Amino acid sequence: MSDTICAIATARGVGAISIIRLSGPEAISIVAKLFDGKDLTKVKSHTIHYGHIINKNEIIDEVLVSVMKSPKTYTTEDIVEINTHGGIAPTKKVLEILLENGARLAEPGEFTKRAFLNGRIDLTESEAVENLINSETDLERKLALNTINGKVSDKIKKVRDIIIDLIANIEVNIDFPEYEDALVITKNNLPPKLEIIKKELETLLEESKVGEIITQGIKVAIVGKPNVGKSSLLNSLLKENKAIVTDIAGTTRDLVEGEIELKGIRLKFIDTAGIRKTNDVVEKIGVDKSLEAIKTADLVIHVLNNNEEFSKEDQEIIKNLKGKTYITYVNKNDLPTKLEITGNNLVYGNTLTLDGIDLLKAKIIELFNLDSINTSNLEMVSSLRVINLIKEALNAINNALANVTKDIPVDMLAIDIKQAWELLGEITGETYQDELLDTLFSKFCLGK
Ligand SMILES: Nc1nc2c(ncn2[C@@H]2O[C@H](COP(=O)(O)OP(=O)(O)OP(=O)(O)O)[C@@H](O)[C@H]2O)c(=O)[nH]1
Ligand SMILES: [Mg+2]
């Protein structure tokens with residue numbers, strides 16, 4: 001990493017200030033050449049200086065320049081940040097001149113990638129940097145910040161340490177059988193040790209459910225027959241006339257989406273086309289989308305009309321809800337009751353007086369345990385990449401446990417145990433492949 005990278009670190013557009021950031025061995029000397037003010041090659045680290053960026057005797061902009069010297073910087077390399085006047089032209093011009101004078105345009109996430117490759121942060125912490133930038137809710141922010149600070153990595157390392165101790169013990173037994181102080185791992189005392197590891201991994205996965213909800217939100221599909229009031233319900237929940245409402249059955253054709261926050265969690269509602277058999281080509285595509293929305297939703301709200309008898313169509317829809325978490329919302333309870341229905345998770349209401357909306361929200365809180373999210377203890381895994389690696393590690397441990405009862409020697413079982421250890425290493429980036437880094441960091445913002 002001998003070259004010097006640079007990028008615009010602030011959002012593109014008009015604003016009071018833009019920041020252009022450089023990192024690498026030439027960062028200070030490149031800017032010093034273009035800076036009319038103090039000699040930046042002679043200033044102390046972590047200082048800020050007023051002056052002008054000059055190119056071929058032309059003043060480009062009036063700026064403030066921060067100089068941060070290696071190693072106590074974001075990338076551990078020399079970093080310079082130029083505060084220019086915000087806006088497209090000054091920012092672009094300064095960037096252009098830096099590129100002409102020896103800096104290279106950074107790839108997305110390259111600053112953070114350098115922080116990782118230079119050993120300042122691990123992979124889980126790097127991922128969390130991007131999550132922090134993209135966070136929309138306060139819970140997401142807190143979780144990302146705790147992850148950046150190593151709280152999640154510590155948990156992974158703790159399990160890895162338990163595993164490596166076990167592997168070390170097995171290997172001592174094999175390599176130095178005469179070494180009497182070492183605990184001899186046998187098929188009798190191995191299972192309880194594996195069970196401990198298994199339990200640790202299962203706890204991480206259990207906790208990650210909350211992490212996933214915090215970062216991904218909850219996808220809620222609103223489905224039902226035509227005209228029962230699905231779009232009206234969406235509008236009531238959003239407190240906005242987002243979806244078209246008419247008394248014509250089959251009004252909604254496409255998916256209509258909207259978000260609200262409940263207990264700090266994003267609820268992503270999807271209003272769908274009323275499900276019925278139809279010969280209308282467009283409506284049919286809509287109905288297929290409705291069925292697809294059920295499949296991908298974390299929660300389904302099945303809307304029924306209180307003023308209509310339970311029908312075969314309703315029964316058909318319920319068939320599609322098999323295995324899903326769903327709430328039955330009986331709408332139009334301002335009208336006389338003709339519907340007879342029993343079951344769990346039943347909520348009554350109407351979209352005229354908004355009776356039922358609070359009950360519906362309370363039901364969602366109950367189903368997803370949102371009240372139990374401990375905001376002061378947000379230290380769980382949330383990245384899908386990490387969750388998958390933990391699942392693979394758990395599989396490897398389960399394999400070892402299953403093989404204990406078979407005629408397989410302990411040193412062969414160690415292969416699975418080692419695999420679990422390596423998989424967990426990929427989480428923090430102790431072991432990694434270049435391809436992984438490329439995909440991971442390419443999702444980052446430019447300049448981060
Ligand atoms: N009385 C009463 N009418 C309602 C209520 N909610 C909706 N409606 C009416 O029912 C009709 C259908 O409402 P929509 O929200 O468009 O129904 P939908 O389920 O989205 O219908 P499609 O998009 O056709 O599937 C409209 O005339 C609404 O004004 C309610 O709670 N009470
Ligand atoms: Mg509708």
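Every read-out reported here was derived from the displayed coordinates using simple, explicitly stated rules and does not represent laboratory data. No experiment lies behind these values; they were computed from the predicted model shown. Ideal geometry is used to build each Cβ from the backbone, glycine not excepted, and the neighbour counts take in all protein chains shown.
Some values worked out for this structure:
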{"item": "Fraction of beta bridges assigned by DSSP in region 216-372 that are antiparallel (%, nearest 5)", "result": "25"}
{"item": "Built amide H within the under 5 Å cut-off of VAL63, gap 5+", "result": "GLY51, HIS52, ILE53"}
{"item": "Where only alpha carbons of region 5-116 are counted, the Rg and the Dmax (Å)", "result": "12.8, 39"}
{"item": "Computed over the chain: relative contact order in percent, which uses C-alpha pairs under 8 Å that are six or more apart", "result": "17"}
{"item": "Top positive-direction residue, dipole computed over the chain with Cβ charges, set LEU123, ILE364, PHE310", "result": "PHE310"}
{"item": "Farthest positive-ward along the chain dipole, Cα basis, beta-carbon charges - from PRO25, HIS46, ASN320", "result": "ASN320"}
{"item": "Taking all pairs of distinct alpha-carbon atoms in region 183-281, Kirkwood radius in angstrom", "result": "17.0"}
{"item": "Two-site FRET efficiency, GLU100 against ILE48, from Cβ-Cβ distance with R₀ of 30 Å, rounded to 0.05", "result": "0.75"}
{"item": "Residue-span extension gain [THR325 to GLU313] - 0.36 nm each, minus C-alpha spacing", "result": "2.4 nm"}
{"item": "Proximal aspartates and glutamates to LYS363, defined as alpha-carbon separation beneath 19 angstrom and excluding residues fewer than eight positions away on the same chain", "result": "GLU259, GLU261, ASP271, ASP298, ASP355, ASP371"}
{"item": "Contour excess over end-to-end distance, with Cα ends at LYS38 and LEU183 and 0.36 nm allotted per residue", "result": "45.7 nm"}
{"item": "The chain - charge dipole about Cα centre, Lys and Arg +1 at Cβ, Asp and Glu -1, debye rounded to 20", "result": "1040"}
{"item": "Positive dipole terminus of region 5-116, leading residue within ASN101, SER70, ILE82 (C-beta point charges)", "result": "SER70"}
{"item": "Eligible lysines near LYS69 by straight Cα distance, threshold 24 Å, same-chain separation 8 or greater", "result": "LYS33, LYS38, LYS42, LYS44, LYS113, LYS448"}
{"item": "Cα gyration tensor shape for region 216-372, rounded if a/c is under 1.5, else prolate or oblate", "result": "rounded"}
{"item": "Long-range HN-HN contacts of GLY429 with modeled amide H, under 5 Å", "result": "LEU123"}
{"item": "The chain - share of DSSP beta bridges that are antiparallel (%, nearest 5)", "result": "60"}
{"item": "Choice from LYS93, LYS319, LYS157 showing the highest fluctuation, given a GNM over the chain with Cα pairs closer than 10 Å", "result": "LYS319"}
{"item": "Sequence-distant residues sharing a close amide H with LYS268 (under 5 Å, placed H)", "result": "ILE218, LYS219, VAL220"}
{"item": "Two-site FRET efficiency, THR203 against LYS92, from Cβ-Cβ distance with R₀ of 35 Å, rounded to 0.05", "result": "0.10"}
{"item": "Cα gyration tensor shape of the chain, rounded if a/c is under 1.5, else prolate or oblate by comparing a/b with b/c", "result": "oblate"}
{"item": "Assigned charges on the beta-carbon of Lys, Arg, Asp, Glu; region 158-301 dipole about Cα centre (debye)", "result": "1160"}
{"item": "Across LYS155/LYS391; LYS56/LYS443; LYS239/LYS443; LYS239/LYS263; LYS230/LYS338, pairs whose alpha-carbon gap is larger than 26 Å", "result": "LYS56/LYS443; LYS239/LYS443"}
{"item": "Eligible lysines near LYS406 by straight Cα distance, threshold 20 Å, same-chain separation 8 or greater", "result": "LYS187, LYS193, LYS198, LYS418"}
{"item": "Pairwise FRET efficiency - ASP3 versus ILE133, Cβ, R0 = 30 Å, nearest 0.05", "result": "0.80"}
{"item": "Estimated vicinal HN-Hα couplings, Hz - region 39-56 in sequence order (Karplus 6.51, -1.76, 1.60; Gly, Pro = x)", "result": "6, 5, 6, 10, 7, 6, 5, 6, 10, 10, 9, 8, x, 10, 8, 10, 10, 6"}
{"item": "J(HN,Hα) series, region 194-211, from Karplus relation 6.51 cos²θ - 1.76 cosθ + 1.60, nearest Hz, glycine and proline x", "result": "5, 4, 4, 4, 4, 4, 4, 5, 5, 5, 4, 5, 4, 5, 5, 4, 5, x"}
